[in-house]
Amino acid sequence: IRKPTPVITKSIKTLRGSNKKEKEILKDPICNHSKKEKLKDRFSLFHQENLSLSFSFFEWLHIGSFKISFSFLLDPLSVFMLLVITGVGFLIHFFSVYYMSHDNRPAKYFSYLNLFIFNMIVLVLADNLFLMFLGWEGVGLCSYLLIGFWFTSSEKAAAGMKAFIVNRIGDIGFLLGMFFLFQQFHSLHFSVLSESISAEQFDLSHIKWACFFLFIGAVGKSAQIPLYIWLPSAMAGPTPVSALIHAATMVTAGIYLITRMSSMFILAPEVLTLISWTGVMTAFIAALIACAQKDIKKVLAYSTVSQLGYMFVAAGLGAFTASLFHLLTHAFFKALLFLSAGAIIHSLKGEQNIYRMGGLKRQLPVIYICFMIGFLALIGLPPFSGFFSKDEILWSAFASGHFGIFALALLTALVTTFYMTRLFALVFYGKSRLRSELKPQKGNVFAYFPLIILALLSFFGGFLGIPHLLSEYLPFHSSHLIEQYLKPVIVHNSFKGSHLVEIFLILGSVALVLFVLGITRWFYLNREKWLENLKQKNQGVFNVLEEALRVDSFCDLKIVKPILNISYELWQGVDIKLIQGFILLVQKWLLSLKSLFEKFQNGNMQNYVLFMILGLIVCILSILFT
């Protein structure tokens, strides 16, 4: 462990002595602060300096001027991500004991799951891009192993390969971004990059290209247009795997990369604009596709793609704290929704079609309550966690003057309300559409404990990021604790505007969500036949949405099949005719030599004596004539 620098030592001493200073401030009779202000002062004392620790273990690579150490960086951002990964990851491990109880390979499953968590921890603790890339590739490998865990099914095995290959496309961008940064700064360590940017020792064009390629890497890992197609296919794995990948680990790696490099992305406004528009288009398109899905996991998968789009919108606007705040709340309620869906699937012996469910409110009451909390958090109703984080992103888009992005993001929120209400109504309300022989089975403590904890987090998690406007009416609560905690390590864009306008936007968005919620619920509970007729009249549109806008079909027809055809021709021309033909020709020559030598090496002693005499005669003649 490297010896702490003077700045780190000073930070540690400040933290150790903070309690004494806080007590003196609170007891000071001259201090005329209110109790609320004293609490704010107390909180600010704890965060007045940036506490970051670096642990260097050994020099990993040293090739010329290229030096990379195997070292970890512990700062507020990495601690924030560690808490999300290990906290939600532990609950998913706990739930997996229940979900995988009937599987015949639990040891291999939990080995892959722990390797996944390990690689994600390496990714967020790395103090350089090269070590981050090691964790980046590690989670890609583990996703392939876990998505295709039930590889005896060709469809599920293909889903694992699809996720692996599509992510490799994005990883090319990550590598190119590292090449540009190393060419410019001759280092990939975050501390060196930060110092060089602070000293303005860089070529701006190189920075923009590096940010662009790093963004391509984030697009692949966080499933944005056009590389989002792998994430819905990831539903082929066990449901706890879907919860782990979609909620707190792999898909958040792209957001973490952008926020970790926020000081560099700020220098590339064109790339930030591209990020925000890519995010909002992904959010809207994925929400539309989710409206027509029949598989309960596919609905939640496209919902994940949509919510990741919201995070990209915030990052593209420079509101990196809002992006991370939504990452946190999304980890809570999306893990809750996926695990609740897993409990439903497990209780229904593998049934995933929402049109074959219904009436589960009475039969699975605990899962119903937990799913409802996750559902209300996802659509952004107060006081659930999703309301605070999504509202902050909408406000950032409006206050920054990007009204097109704001309008599309608000429309996406309404579409999200529609498809989630549709899902909730079809699964838990109405008449039971289960098969006659199917009776839902209730879970045990391994199923309910993670759901209850995640439900509580989904309900109270939003209070970690109460906006400044609302904090004025809460005397014992500091405003936006997440923002204050991450302020030392993340470039923060604060968007200011009229409080009246902000209140109007909050009330307006909540009113619209409630209106769509009520209308959708009423139609699916009271006008189901009318909706069925509407679906039949617009069957073409519905089929296009159900087939995910036929993007997968297009990729299969225009990309996958041509590549397979080219590969087949190369296999026939190069492998079979050239390489294998050359090997067969050599084999033929060797067989000819073999038949020739067989005539001499035939085991006949008379022939051996004859050849010896002839050889002796040749030797004598050669001596006589030389």
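Say a paramagnetic label sat at a point 7 Å from the Cα of Y568, along Cα to Cβ; which residues of segment 152-183 have their backbone N under 13 Å from it?
Under 13 Å, as judged by backbone N against the label point of Y568, lies no residue of segment 152-183.
Whole number in Å², please: accessible area per residue of the chain, 1.4 Å probe, ligands, DNA and RNA not counted. Mind showing how you got there, number by number?
Numbers: 29660 Å² over 626 residues.
Roughly 47 Å² per residue, with all protein chains present.
With all protein chains present, calculate the accessible area of W589 using a 1.4 Å probe and round the result to the nearest 10 Å².
140
Sort 62-70, 232-240 by packing, meaning the average of other beta carbons within 10 Å per residue, with the highest value first.
Details: 62-70: 12.6, 232-240: 24.4.
Top to bottom by mean Cβ count within 10 Å: 232-240, 62-70.
Mind grabbing the accessible area of F387 for me, 1.4 Å probe, Å², rounded to tens?
It works out to around 20 Å².
So what is the 222 nm mean residue ellipticity for the chain from helices alone, if each DSSP H run of at least 4 adds -39500 (n - 2.57) and you divide by all residues, rounding to the nearest 500 deg cm²/dmol?
Helix-only estimate at 222 nm: -22500 deg cm²/dmol.
Under a 1.4 angstrom probe, counting protein chains only, how are R362, R422, R105, R435 ranked by accessible area, largest first? Mind dumping the intermediate values first?
Values: R362 170, R422 0, R105 60, R435 105 Å².
The ordering from most to least exposed comes out as R362, R435, R105, R422.
Report, by chain and number, residues whose modeled amide H sits under 5 Å from the one on H480, excluding near sequence neighbours (fewer than 5 apart, same chain).
It is I466, by chain and number.
Roughly how much of S154 is accessible, in Å² to the nearest 10, using a 1.4 Å probe?
So the heavy atoms of S154 present about 100 Å² to solvent.
What's the extension gain from F449 to R550 if we count 0.36 nm per residue and subtract their Cα-Cα distance?
32.4 nm
May I ask which residue of I225, M235, F212 lies farthest towards the positive end of the charge dipole of segment 138-241, with charges of +1 (Lys, Arg) and -1 (Asp, Glu) on Cβ and the Cα centre as origin?
Checked the options; the winner is M235.
Suppose R0 equals 30 Å; then what is the FRET efficiency for N104 and Q441 from their Cβ-Cβ distance, rounded to the nearest 0.05?
Result of the calculation: an efficiency of 0.95.
Using a 10 Å cut-off on Cβ atoms, rank the peptides 208-216, 596-604 from the highest mean neighbour count down.
Details: 208-216: 23.1, 596-604: 9.0.
Ranking the peptides 208-216, 596-604 by packing returns 208-216, 596-604.
Looking only at Cα atoms, what is the convex hull volume of segment 190-267 per residue, in Å³?
Hull volume over Cα atoms, normalised by residue count, gives 85 Å³.
Return the tail of the calculated pair distribution for segment 316-406, meaning the percent of Cα-Cα pairs more than 20 Å apart.
47
Ordering S389, S56 by how much accessible area each has at a 1.4 Å probe, largest first, what is the list?
My answer, sorted largest first, is S56, S389.
Past 25 Å, Cα to Cα, is the threshold; run K361/K537; K390/K487; K297/K349; K577/K599 against it and keep the listed order.
K361/K537; K577/K599
Based only on Cα atoms, what mean projected area does the convex hull of segment 270-429 have, in nm²?
8.4
Rounded to the nearest 20 debye, what is the charge dipole size of the chain about its Cα centre when +1 sits on each Lys and Arg Cβ and -1 on each Asp and Glu Cβ?
In total the dipole reaches around 1580 debye.
In percent, what relative contact order does segment 333-375 have, based on Cα pairs under 8 Å that are 6 or more apart in sequence?
The normalised contact order for segment 333-375 reaches 67 percent.
Give the label of the value calculated from the structure for P(r) over Cα pairs in 20 Å bins from 0, in percent, choosing from (1) 19, 44, 30, 8, 0; (2) 17, 51, 31, 2; (3) 17, 46, 23, 7, 5, 2, 0.
(3)
How would you order 545-555, 170-180, 365-375, 107-117 from highest to lowest mean count of nearby Cβ atoms within 10 Å? Write down the numbers at each step before the final one.
Working: 545-555: 14.8, 170-180: 19.2, 365-375: 21.0, 107-117: 16.5.
Ranked from most to least packed, the peptides come out as 365-375, 170-180, 107-117, 545-555.
Which order do W150, W230 take by accessible area at a 1.4 Å probe, largest first?
Heavy-atom accessible area, descending, gives W150, W230.
What's the magnitude of the charge dipole for segment 343-471 around its Cα centre, counting Lys and Arg as +1 and Asp and Glu as -1 at the beta-carbon? Answer in Debye, nearest 20. Don't skip to the answer; put the middle values down first.
Details: 11 positive and 4 negative charges, 156 e Å.
Dipole magnitude for segment 343-471 comes out near 760 debye.
Name the residue from A407, L129, L621 whose Cα lies farthest towards the positive end of the charge dipole of the chain, charges +1 on Cβ of Lys and Arg and -1 on Cβ of Asp and Glu.
Most positive-ward Cα: A407.
Place +1 on the Cβ of every Lys and Arg and -1 on the Cβ of every Asp and Glu in segment 488-540, take the dipole about the Cα centre, and give the residue among V513, V489, N533 whose Cα lies farthest towards its positive end.
Among V513, V489, N533, the one farthest towards the positive end of the dipole of segment 488-540 is N533.
Considering only the other residues whose Cβ falls under 15 Å of the Cβ of L77, what net charge follows from Lys and Arg at +1 and Asp and Glu at -1?
-1
Please compute the contact order of the chain in relative form: average sequence separation of alpha-carbon pairs under 8 Å and at least six residues apart, divided by the residue count, as a percent.
13
For segment 279-349, what does the relative contact order come out to in percent, with C-alpha contacts under 8 Å and a separation of six or more?
30
Carbon and sulfur atoms: what percent of the 1.4 Å accessible area of the chain do they account for?
Working: 20080 of 29660 Å².
Ligands and nucleic acids excluded, carbon and sulfur reach 68 percent.
Using a cut-off of under 17 Å, list every residue of segment 504-525 whose amide N is near the label point 7 Å from the Cα of N533 along the Cα-to-beta-carbon line.
Only 523-525 fall inside the zone, counting backbone N under 17 Å.
Hey, got the Cα dimensions of segment 567-626 along the principal axes, in Å, largest first?
That gives 64, 32, 7 Å along the principal axes, largest extent first.
I'd like the projected area of segment 251-320, averaged over all directions, using the convex hull of its alpha carbons. Report it in nm² with one decimal.
So the Cα hull casts an average projection of 4.3 nm².
The values are calculated or read from the model by the stated rules, or taken from the named source; none is laboratory data. Please read these numbers as outputs of a predicted model, since none were measured by experiment. Note that we place each Cβ from the backbone using ideal geometry, even for glycine, and neighbour counts take in every protein chain shown. The protein model used for the area step is the full one, side chains on, heavy atoms only, and it has no ligands, DNA or RNA in it. Shrake-Rupley method; radii C 1.70, N 1.55, O 1.52, S 1.80 Å.
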